[in-house]
Amino acid sequence: MDNETTAVHVTHEVVGKVGGIGAVLQGLFTCKFYLNTVSRSILVGPLFETEGSLSDRLGEDVEVLYCSLGGFSDTVYAGDFRRIEDYYNAGIVYGRRTFVDEQTGVKSSPEVLLIDVTRMKKGPIDEFKWHLFEKFGIRSDLYEHIWDYEQYVRLAPVAIAALKAIGAAKDSTVVIAHEFMGMPTTLAAMLED
């Protein structure tokens, strides 16, 4: 493939289809045109469940290559992930999720990055919020008491650091915000320019 485009999809439906976004992802990741156009796809979202077995939390169609919460590591990115986790006090799960179109047989396995944002250090997040205000005029102090806002703001800088660690933060990378949840990560990517 001549095209080296990476598409990063930020969503709340990384590990399962809950509604409309899950249906969109299922369609994209089993569409021959998409697969021929985009060389690398990565799903990014918060880790909602930290208790129980990995398969219970992530589903049977997810192959886990790294999980700090479960002490599992089968990737060359482990050292970088640990540094990111230490800096932010955030857990990272990295792997692949398989999508299959049963009618056509088209199958793909995009990468998955899930971030546990529940116990993060305040300093790096406050710094990111300052940059959101400075560059885009977003006043996080008005919304940080709303968890739907806060968790996706917390996700953003960790996601960008993890994307850099796996070599997916290049000029040919496109960050797609599926609904409002992906906007902080999209803005964080813009701050990198």
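A few points about this structure:
- Candidates F99, F128, F136 - the one that is among the aromatic types (F, W, Y) and closer than 28 Å to S53 by Cβ: F99
- Residues of the stretch 171-193 satisfying the condition of being among the aliphatic types (A, V, I, L, M) and in a helix (DSSP H, G or I): M181, M183, L187, A188, A189, M190, L191
- Figure legend. Inter-residue proximity from the stretch 10-26: first residues in a loop (DSSP other than H, G, I, E, B), second residues at pLDDT below 80, beta-carbon distance below 7 Å, spacing 6+ or different chains. Indicated pairs: V15/L58; V15/G59; G16/G59.
- Filter pass, K164 being closer than 26 Å to E63 by Cα and at pLDDT below 95: no
- Residues of the stretch 19-47 that are in contact with a helix residue (DSSP H, G or I) (Cβ under 8 Å, 6 or more places away or on another chain) and surrounded by fewer than 18 Cβ atoms within 10 Å (Cβ to Cβ): Y34 alone.
- Residue in the stretch 144-155 that is under 14 Å from the mean Cα position of the chain (by Cα), closer than 23 Å to D80 by Cβ and not in a helix (DSSP H, G or I) present: no
- Index of the failed condition, R139 passing every other in (1) surrounded by 12 or more Cβ atoms within 10 Å (Cβ to Cβ); (2) among the basic types (K, R); (3) over 30 Å from T37 (Cα atoms): (1)
- Within the stretch 48-70, considering residues that are in contact with a Ser or Thr (Cβ under 7 Å, 6 or more places away or on another chain) and surrounded by 16 or more Cβ atoms within 10 Å (Cβ to Cβ), the one nearest to K122 (Cα to Cα): L69
- Condition broken by N89, with the remaining ones in (1) at pLDDT below 85; (2) on the phi > 0 side of the Ramachandran plot satisfied: (1)
Listed here are the residues, each with its yes/no results for (1) without any contact (Cβ under 8 Å) to a residue 40 or more places away in the chain; (2) in contact with a helix residue (DSSP H, G or I) (Cβ under 8 Å, 6 or more places away or on another chain).
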residue: G137; (1), (2): yes, no
residue: H145; (1), (2): yes, no
residue: Y152; (1), (2): no, yes
residue: P157; (1), (2): no, yes
residue: A169; (1), (2): yes, yes
residue: T173; (1), (2): no, yes
residue: E179; (1), (2): no, yes
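- Residues located in the stretch 71-117, provided they are surrounded by 15 or more Cβ atoms within 10 Å (Cβ to Cβ), of a type outside the set (D, E, K, R) and in a loop (DSSP other than H, G, I, E, B): T75, Y77, N89, A90, V106, S109, P110, V117
- Residues in the stretch 142-160 that are surrounded by 20 or more Cβ atoms within 10 Å (Cβ to Cβ) and either of a type in the set (D, E, K, R) or within 16 Å of A7 (Cα to Cα) (or both): R154, A156, A159, I160.
The values are calculated or read from the model by the stated rules, or taken from the named source; none is laboratory data. Small disclaimer: the values here were computed from a predicted structure and weren't measured. All Cβ positions, even for glycine, are placed from backbone atoms using ideal geometry, and neighbour counts span all protein chains on display.
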